[in-house]
1. Cβ-Cβ below 7 Å, separation at least six or inter-chain, first residue in region 60-75 and of a type in the set (D, E), second at pLDDT 95 or above and in a loop (DSSP other than H, G, I, E, B): which pairs?
2. So, in region 1-40, exactly how many residues are without any contact (Cβ under 8 Å) to a residue 60 or more places away in the chain and hydrophobic (A, V, I, L, M, F, W, C)?
3. Within region 66-81, is there a residue that is part of a helix (DSSP H, G or I), more than 24 Å from R166 (Cα to Cα) and not hydroxyl-bearing (S, T, Y)?
4. With the requirement that a residue be surrounded by fewer than 16 Cβ atoms within 10 Å (Cβ to Cβ) and out of contact with any strand residue (DSSP E or B) (no Cβ under 7 Å at 6 or more places or on another chain), what does region 157-173 give you?
5. Mind checking whether some residue in region 160-172 is in contact (Cβ under 8 Å) with a residue 12 or more places away in the chain, at positive phi and not in a loop (DSSP other than H, G, I, E, B)?
6. In the list A30, A16, which residue meets the criterion of being under 22 Å from V170 (Cβ atoms) and touching a Ser or Thr at 6+ places or on another chain (Cβ under 6 Å)?
7. Out of the residues in region 103-115 meeting the condition of being polar (S, T, N, Q) and crowded, with 17+ Cβ neighbours inside 10 Å, tell me which one is nearest to V170 (Cα to Cα).
8. Looking at (1) farther than 16 Å from A9 by Cα; (2) hydrophobic (A, V, I, L, M, F, W, C); (3) under 18 Å from the mean Cα position of the chain (by Cα), which is the one condition that is false for L90?
Amino acid sequence: MPTGIVTGASRGLGLALTRALVERGWRIVADARGRSDLERAWAGVAGVVTVGGDVADPDHRRALVEAAGDPIELLVNNASLLGPSPLPPLAEYPLDELRRVIDVNVTAPLALVQLALPRLARGARIVNVTSDAAVEAYEGWGGYGSSKAALEQMTSILAAEQPELRVYTVDPGDMRTQMHQEAFPGEDISDRPPPEDSVPGLLELIEGDLPSGRYKAHELAPVRA
């Protein structure tokens, strides 16, 4: 039974992806900041080990890797922090909030990779979830978008430095999630697709033979009507 770590697995994309992986026979160490939500999501589900906590906490990251054991075949850095809501322009962006966004979205994924590297099997997959906000200049998205841009460049360099691994950034596209709703407070986002629609693309990266690089989930596995 292959073992993986998926962060941010109590809701949204992390929840949907972990469900799909468990159905395929994976053992998953699942993380989320909300311990009660995480435990409720996976109560009674075989194949899922829940470790609640903040990925920005070094002790929590160590607990995730220890729970996974050796070897580890998959690490999905999905947990992200949006930042202030409503989204402020950069001229007014609170710098302490920006530091927190970068800590969660950039520093924590790299720190978790560093801890997991000695246990990663040859050919293991590292999947870092990104956003089109990393490459598009959307007003108000300066904090989150710049953190994802940094994550993408870091991932590209990691892929060059670790050729024995498959290292990916994946843009899941628009999704009907709590984070997306927080980005647009008071707006109706019911027209966005559910996160489950992005899962097939991620599975192509996890189970397929694609080279390291940046991918869009819906281009890998388009949703069929």
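The values are calculated or read from the model by the stated rules, or taken from the named source; none is laboratory data. None of these values were measured; they are calculated from a predicted model. Ideal geometry is used to build each Cβ from the backbone, glycine not excepted, and the neighbour counts take in all protein chains shown.
1. Listed by first residue and then by second, the contacts come to E73/P2.
2. Selection size over region 1-40: 8.
3. So far as region 66-81 goes, no, none of its residues is part of a helix (DSSP H, G or I), more than 24 Å from R166 (Cα to Cα) and not hydroxyl-bearing (S, T, Y).
4. If the condition is that a residue be surrounded by fewer than 16 Cβ atoms within 10 Å (Cβ to Cβ) and out of contact with any strand residue (DSSP E or B) (no Cβ under 7 Å at 6 or more places or on another chain), then I157, A160, E161, P163 are the ones that fit.
5. There is no residue in region 160-172 that is in contact (Cβ under 8 Å) with a residue 12 or more places away in the chain, at positive phi and not in a loop (DSSP other than H, G, I, E, B).
6. A30
7. Across region 103-115, the extreme among qualifying residues is N105.
8. In the conditions (1) farther than 16 Å from A9 by Cα; (2) hydrophobic (A, V, I, L, M, F, W, C); (3) under 18 Å from the mean Cα position of the chain (by Cα), L90 misses (3) alone.
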